Structure formats: C-alpha cells, structure tokens
Amino acid sequence: MTSTPCVFASEPGLADPSVEKAKAIYAKLCELPAPLFHAPSPACKDGLDPALQPAIADLLLHPALEAAFHLLNHALYPAHFLVRKMQNARAGQHLHGILHRVEGDYDNARVWYVEASGLGERTNNKTDRGGEDAFVEFWSSMAGLVACEPGVGGAVEAAGGGAELARNAAIAFIERVQRLKENSKGQVQDAGAGKEERRVLEQISKAELEAVVEWAAREYGWGTWHGGDGSASYTESTEEQKEEMRRQQHGGEGFRQF
C-alpha cells in the first residue's frame with residue numbers, strides 16, 4: 001500500500017482555492033497606479049479599491065504577502081498593522097521602509113531600508129533574515145537606473161557590491177522620490193504628474209513591491225498560510241526597534257497626518 005505524503009495548504013501549487021483567488025486579486029492590484037506617494041483619505045485606510053480590502057484579509061496569507069497586497073492597494077493603515085509585528089524580520093523591515101516612503105516619512109524609510117539590507121544596527125540572534133537576499137538582489141539590479149539622476153549617483157557608484165550597493169541604491173531611490181515631492185506644488189499625490197521622472201520612479205516602486213510579492217509567494221505560497229494564523233510569523237523586536245517604534249508613534253516622527 002502506497003502512502004500519500006502529507007500536504008499543507010501553504011505550499012505553492014496545491015489545490016487550495018485561496019491560491020487562485022490570491023492570484024486574481026494580485027492581477028487586479030497590478031492594474032492600479034504604483035504607490036509612489038500616499039493617496040488622499042480615505043484610501044490610506046480603505047485602499048484605492050475598497051472592495052479588495054476584505055478580500056485580501058480573507059485570504060489569510062502570510063503577513064508579508066498580505067502587507068505587500070495592502071501597499072499595492074495604497075492601504076497604509078492595514079499594512080502598518082502587519083509590518084510593525086515583523087520589525088525583526090528582513091521582509092517586514094523592507095515593507096516597513098516602503099510604507100514610510102509612500103507616506104512621505106523619508107527619514108524613517110531610510111532607517112528600515114538600511115535594516116532590510118542587513119547593514120543596520122538593530123539585529124540580534126532572533127532576527128529573521130528571510131527576504132534579505134531578495135532586497136539585495138532587487139536593489140543591486142536597480143543601481144544603474146537610480147544612479148543615473150544627477151546628484152544621487154555618487155554614493156551608489158562608490159559602493160562596493162552586494163548589500164552595500166543595494167543599500168545605497170535604495171537610499172538613492174528615496175532621495176529621488178523626496179526631491180520630486182519637495183520640488184512640486186499642490187497635492188502630494190500629484191507631485192511630478194506628467195513628468196518622465198515620476199514615470200520612472202513609479203515603475204521602480206511597482207517593481208519593488210512585485211519583487212517582494214514574488215519572493216513571499218515562493219517562500220510561503222499563494223494560499224492560506226499556517227492555517228490562517230499569521231502570528232506564527234511575528235518576531236520579537238529588539239529594544240532598539242521598540243524605541244524606534246515609540247519615536248515613530250509619538251513626537252511627530254512618522255505620525256500619520258492624512
């Protein structure tokens with residue numbers, strides 16, 4: 001008698017009905033504008049497509065994949081609820097950096113991008129390094145593109161390679177986004193509208209989130225993860241990370257005013 005191996009709904013490619021639902025929702029998310037700047041309220045809570053928000057939550061995906069979906073829908077509040085529980089995981093740090101970059105909190109975005117590169121100062125022996133290689137691979141591949149803008153290329157070109165190159169490219173990208181915002185008038189979501197620079201930065205922004213989604217889907221699958229218990233992915237923050245979060249929640253650092 002041949003035994004049938006155990007299968008789990010979280011494995012890629014299995015007959016989990018949530019897999020096709022997740023892929024269909026992802027296809028819809030990819031049709032939305034790239035999250036370069038935060039959308040006006042109430043989209044930051046409800047998403048550009050509010051109907052997708054409950055559908056995303058009902059998938060019971062791994063929290064990193066769910067957070068990436070929320071960010072693609074410009075829904076910063078539900079994304080932040082998840083990433084703050086993964087502050088000691090590279091994927092969570094990367095998503096945390098993306099979130100702060102979208103909301104316009106560029107200083108804190110830089111903090112989390114550096115952590116995600118593996119070159120930060122808030123690591124301990126419990127740090128989940130999953131996603132670090134994906135961060136380095138993506139931003140290393142973007143180095144030539146982000147460095148082509150005058151005034152931001154020096155640090156990228158001076159980097160050696162690997163994590164250092166990726167970190168510098170990611171920071172250079174933040175600087176270009178910040179400059180576009182600061183050099184524009186009117187509503188923040190309209191900054192640089194119609195300009196080639198905005199088109200290029202939106203292209204990179206979408207590619208970045210797609211890279212995170214693809215990594216998380218390979219790592220954790222497209223379907224219901226761990227029986228729907230996302231808490232299994234939560235990490236214990238270092239004291240420095242806890243203090244960082246306190247600063248971002250109080251005193252104006254990272255405070256959401258939209």
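The conditions are (1) more than 22 Å from Ala67 (Cβ to Cβ); (2) in contact with a Phe, Trp or Tyr (Cβ under 8 Å, 6 or more places away or on another chain), and Lys195 fails exactly one of them. Which is it?
All conditions pass for Lys195, except number (2).
Between residues in region 219-245 that are more than 14 Å from Gly92 (Cα to Cα) and residues that are modelled with pLDDT under 70 and acidic (Asp, Glu), which pairs lie under 6 Å by C-beta distance while being six or more apart or on different chains?
Going by the 6 Å Cβ cut-off, the qualifying pairs are Gly221/Glu11.
Scan region 30-37 and tell me whether some residue there is at pLDDT below 95, surrounded by fewer than 24 Cβ atoms within 10 Å (Cβ to Cβ) and not hydrophobic (A, V, I, L, M, F, W, C).
So far as region 30-37 goes, no, none of its residues is at pLDDT below 95, surrounded by fewer than 24 Cβ atoms within 10 Å (Cβ to Cβ) and not hydrophobic (A, V, I, L, M, F, W, C).
Just one of (1) of a type in the set (D, E, K, R); (2) more than 15 Å from the chain's Cα centre (by Cα); (3) surrounded by 18 or more Cβ atoms within 10 Å (Cβ to Cβ) trips up Lys45, so point out which.
(3)
Just to verify a result, which residue in region 200-251, among those that are farther than 20 Å from Tyr113 by Cα and at pLDDT below 60, is nearest to the chain's Cα centre (by Cα)?
Result: His250.
Please enumerate the residues belonging to region 188-198 that are farther than 16 Å from His38 by Cα and part of a helix (DSSP H, G or I).
If the condition is that a residue be farther than 16 Å from His38 by Cα and part of a helix (DSSP H, G or I), then Glu196, Glu197 are the ones that fit.
The values are calculated or read from the model by the stated rules, or taken from the named source; none is laboratory data. Just so we're clear, the structure is a prediction, and the values are computed from it rather than from any experiment. No Cβ is skipped: glycine too gets one built from the backbone with ideal geometry, and neighbour counts run over all protein chains shown.
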